[in-house]
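Enquirer: There's a structure below that I have some questions on.
The values are calculated or read from the model by the stated rules, or taken from the named source; none is laboratory data. Because the structure is predicted, anything quoted here is derived from the model rather than measured. Note that each Cβ is placed from the backbone with ideal geometry, even for glycine, and that neighbours are counted across all protein chains shown.
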Amino acid sequence: MGPDKGILAATEQDGIKLSPEAIKNFELKSKVLVGSGPWTIPSTARLLAGEEVNLFRMRDGFYKRIDFTLHRRNAEELIVSSKELKTGDSIITNGIGFLRIAEITAFGGAPEGHSH
């Protein structure tokens, strides 16, 4: 983590900040939330990690894994709300697996030598 790395910064409160190169390499795509919610987002935004189901929010350049309430879903879309979302936030819809790996790496969950 640092100025010449893929992960520029990480805090428990804000999440992780990635370099422009990492964002490009991870092929991250997002949807900006408009209005007060609940919001309709692509089903590809849902991250399944063990028992947990989360979304990745991007706010002020930081990516953070958040909890959400699922109101309805079909094969293509989810209707969600969360106290951790507001209008103007972006929900990551593509590349969430890479974001999860970066998050684990940033917060010490990756084995030594496997933080690439």
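Enquirer: Of Ser90, Ser36, Ser43, Ser81, which residue is surrounded by 15 or more Cβ atoms within 10 Å (Cβ to Cβ) and either of a type outside the set (Asp, Glu) or within 14 Å of the chain's Cα centre (by Cα) (or both)?
Expert: The unique qualifying residue is Ser90.
Enquirer: Okay, moving on. Yes or no: Leu70 free of Cβ contacts under 8 Å to residues at least 24 places away in the same chain, aliphatic (A, V, I, L, M) and more than 17 Å from Gln13 (Cα to Cα)?
Expert: When the stated conditions are applied, Leu70 passes them.
Enquirer: I would also like to ask the following. Give just the number: which of (1) assigned to a loop (DSSP other than H, G, I, E, B); (2) surrounded by 12 or more Cβ atoms within 10 Å (Cβ to Cβ) does Glu27 not satisfy?
Expert: (2)
Enquirer: Among Asp14, Asp67, which is among the charged types (D, E, K, R), surrounded by fewer than 19 Cβ atoms within 10 Å (Cβ to Cβ), under 13 Å from Glu103 (Cα atoms) and within 12 Å of the chain's Cα centre (by Cα)?
Expert: Matching residue, one of Asp14, Asp67: Asp14.
Enquirer: With the structure loaded, tell me whether Lys24 is at pLDDT 95 or above and either closer than 18 Å to Lys86 by Cα or among the basic types (Lys, Arg) (or both) or whether it fails that test.
Expert: no
Enquirer: Still on this structure, please answer the following. Of the numbered conditions (1) crowded, with 20+ Cβ neighbours inside 10 Å; (2) in a helix (DSSP H, G or I); (3) more than 11 Å from the chain's Cα centre (by Cα), Leu99 fails exactly one; give the number of that condition.
Expert: (3)
Enquirer: A further question on this structure: Can you pull out the residues in segment 78-98 that are among the hydroxyl-bearing types (Ser, Thr, Tyr) and in contact with a helix residue (DSSP H, G or I) (Cβ under 6 Å, 6 or more places away or on another chain)?
Expert: Thr93
Enquirer: Suppose we filter segment 38-52 for residues that are modelled with pLDDT under 90 and outside any strand (DSSP E or B); how many remain?
Expert: Residues flagged as modelled with pLDDT under 90 and outside any strand (DSSP E or B) within segment 38-52 amount to 2.
Enquirer: Mind checking which strands (runs of 3 or more DSSP E) fall wholly inside segment 56-96 and carry at least 3 residues that are β-branched (Val, Ile, Thr)?
Expert: Passing ranges, in order: 90-94.
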